[in-house]
Amino acid sequence: MTIILNGACGRMGKEIIAAAQKRGVTVAAAVDKFGTPDFTNIPFYTSIEDVKETADAIIDFTNHTAVPEICAFVRKTGIPCVVASTGHTESELAMLNSLSNEYAVFYSRNMSLGINLLIDLCRSAYNALGGDCDIEIIEKHHRNKLDAPSGTALMIAEGIAELMPEGTEFVTERATRHAVRPENEIGISSIRCGGIFGEHEVLLSRNGETISLKHTAESRALFAEGALTAAEYISSKKNGMYSMKNLLSETVSQS
């Protein structure tokens, strides 16, 4: 398999290049607007629109603002894309959804298979408790992460909220509320410190007992592996919006 990597000089870009070498995946072209490459064996560009090479898939690990450029490049080349950045606006998500009407798009705010398993476990726990519980999500990341709450925390909240009454609210701060916790809300707390790769804990509390479900990322390598797995998966797909949920369900059905 061959990939075009957008965001090659960032922390995740370097992890993907290392993981690709181990898996025998060829990086046909590397792109980074701001970084300086520490490699010489991969064609390098500062703009994805200048890339001349072709590939089986594009992996974008840059910033949500890159969506217009990614969409334009996919429309020009027809290459499926994996969008692994977070913090997208509604208009950027609308652009990706529109793109998926004609091309294959894989979008996930977390490339870890374990996080997607965590969401399934949270949904099962919520159903088992009959929906009678308070839900809080605590997410921890390194001090340089820009967005809060994390895309993964929102992804977990959305997965649980699908089972909850319409109008469930995501609450990210309570300092100004001075009110008893209402029904049908999911609290999300964000911690930014040190070099924490990523930690997400979900608390489901009811009737004097609390269930805690937690996922800890111990290395960025797992996100790189997930992105490459997504690229392999999307490379043979036709138009549509795909996610880790699709990938996992198809993997289970084939096993």
Report summary line: Given a Förster distance of 30 Å, the FRET efficiency implied by the Cβ-Cβ spacing of Arg206 and Lys237, rounded to the nearest 0.05, works out to 0.15
Report summary line: Protection proxy (average C-beta count within 10 Å per residue), highest first, orders 152-160, 18-26, 241-249, 34-42 as 152-160, 241-249, 18-26, 34-42
Query raised in the report: Given labels modelled 7 Å from the Cα in the Cβ direction, how far is it in nm from Glu49 to Arg11?
Result: 3.1
**Report entry** 0 to 90° range, to nearest 10: angle between helix 90-100 axis and the chain longest Cα axis
**Finding:** 50
Report task. Set Lys and Arg Cβ to +1 and Asp and Glu Cβ to -1, take the dipole of the stretch 1-109 about its Cα centre, and tell me which of Gly10, Thr86, Asn63 lies farthest positive. Result -> Gly10
Report task. Would you mind getting me the FRET efficiency between Glu218 and Ser98? Use the beta-carbon distance for r and R0 = 35 Å, nearest 0.05. Result -> 0.40
Query raised in the report: Over the chain, what is the mean sequence separation of C-alpha contacts under 8 Å (at least six apart), divided by residue count, expressed as relative contact order in percent?
Result: 22
Report task. Quick one: pull the percent of accessible area on the chain belonging to carbon and sulfur, 1.4 Å probe, ligands and nucleic acids left out. Result -> 50
Requested in this report: For Lys145 and Lys22, compute 0.36 nm times the residue count separating them, minus their Cα-Cα distance, and round to one decimal in nm.
Outcome: 41.5 nm
Query raised in the report: Counting only heavy atoms of protein chains, what accessible area per residue, in Å², does the chain have with a probe of 1.4 Å?
Result: 49
Query raised in the report: How much net charge surrounds His200 when only the other residues with a Cβ under 11 Å from the Cβ of His200 are counted, with Lys and Arg +1 and Asp and Glu -1?
Result: -1
Query - Whole-angstrom gap from the stretch 103-165 to the stretch 1-57, using each part's C-alpha centre - result: 29
Query raised in the report: Counting Lys and Arg as +1 and Asp and Glu as -1, what is the net charge of the other residues whose Cβ lies under 12 Å from the Cβ of Thr152?
Result: -2
Query raised in the report: List the lysines whose alpha-carbon lies under 24 Å from that of Lys140, not counting same-chain residues fewer than 8 positions away?
Result: Lys14, Lys214, Lys245
**Report entry** Contact order relative to length of the stretch 106-191, as percent, for alpha carbon pairs under 8 angstrom and 6 or more apart
**Finding:** 38
**Report entry** Gaussian network model of the chain, springs between alpha carbon atoms under 10 Å - residue of Arg109, Arg143, Arg123 with greatest fluctuation
**Finding:** Arg143
Requested in this report: Return the distance in nm (one decimal) between the two label points of a simple spin-label model at His178 and Ser249, each offset 7 Å from Cα along Cα→Cβ.
Outcome: 4.7
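The values are calculated or read from the model by the stated rules, or taken from the named source; none is laboratory data. None of these values were measured; they are calculated from a predicted model. All Cβ positions, glycine included, derive from the backbone under ideal geometry; neighbour counts span all protein chains shown. These accessible areas exclude ligands, DNA and RNA; they are computed on the full protein's heavy atoms, side chains included. Shrake-Rupley method; radii C 1.70, N 1.55, O 1.52, S 1.80 Å.
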